[in-house]
Structure formats: C-alpha cells, structure tokens
1. Out of all the residues in region 69-79, is one or more part of a loop (DSSP other than H, G, I, E, B), at pLDDT 95 or above and either surrounded by 14 or more Cβ atoms within 10 Å (Cβ to Cβ) or touching a helix residue (DSSP H, G or I) at 6+ places or on another chain (Cβ under 7 Å) (or both)?
2. Give the number of residues within region 22-52 that are within 20 Å of Thr11 (Cβ to Cβ), open to solvent by less than 70 Å² (accessible area, probe 1.4 Å) and part of a helix (DSSP H, G or I).
Amino acid sequence: MPDKRLRPLKTPGQLRAVETRQRLLDAAARVFSEHGYSAGTTNRIAAAAGHSIGSLYQYFPNKDAILAELVGAHVRAGIESVERGLTAGPL
C-alpha cells in the first residue's frame, strides 16, 4: 500500500462524484503540463476544473496524491494496451 500521503481520500460512489473526481484529474494533467509540477498548485487545479479547493480536498490530500493517481492511470492504460496487443496476435 502506498504512503498515506499518496492515497486518495475518498472513492466516489455516485456518478456525479465520479465525474467531479475525473474533472479534477483531467484539470491536474492540464495544469501540470502547462505550468509544471512545482507551479501546479491545488488551487490552480481546482480552478481549472471549475471546482472549489474544498471539493479537491474531499478526494485528494495533496497534489502528490493527484500525481500518483495520474501516473497509476497512465501505467494501467499502458499495460492494458500491451495486453490487447498480445491477445490480438501478430499483424
């Protein structure tokens, strides 16, 4: 299990909450890309997502946890892509 500081705080159950969390992650990816990680503050991420800082902190304790979630999603997508390629067989 990752360090407590890198774990999301809350797993959303309702569709609206799932969408909010995803908007925050999408905004974080944009903010980190445009401004860099150091300047990618939680306030900037929340504003880019159109949510309050309080909404962000319902799901993530800090920007490190957001980055860990983005990296994890990227790795999972890469693994899924490789697995699909392996099951598809040779071209």
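The values are calculated or read from the model by the stated rules, or taken from the named source; none is laboratory data. Owing to the predicted nature of the structure, the values given are computational and were not obtained by experimental measurement. Cβ sites come from the backbone with ideal geometry, for glycine too, and all protein chains shown count toward neighbours. All accessible areas refer to the heavy atoms of the entire protein, side chains included, with ligands and DNA or RNA removed. Shrake-Rupley method; radii C 1.70, N 1.55, O 1.52, S 1.80 Å.
1. Step one: filter region 69-79 for residues part of a loop (DSSP other than H, G, I, E, B), giving none.
No, the conditions are met nowhere in region 69-79.
2. 9
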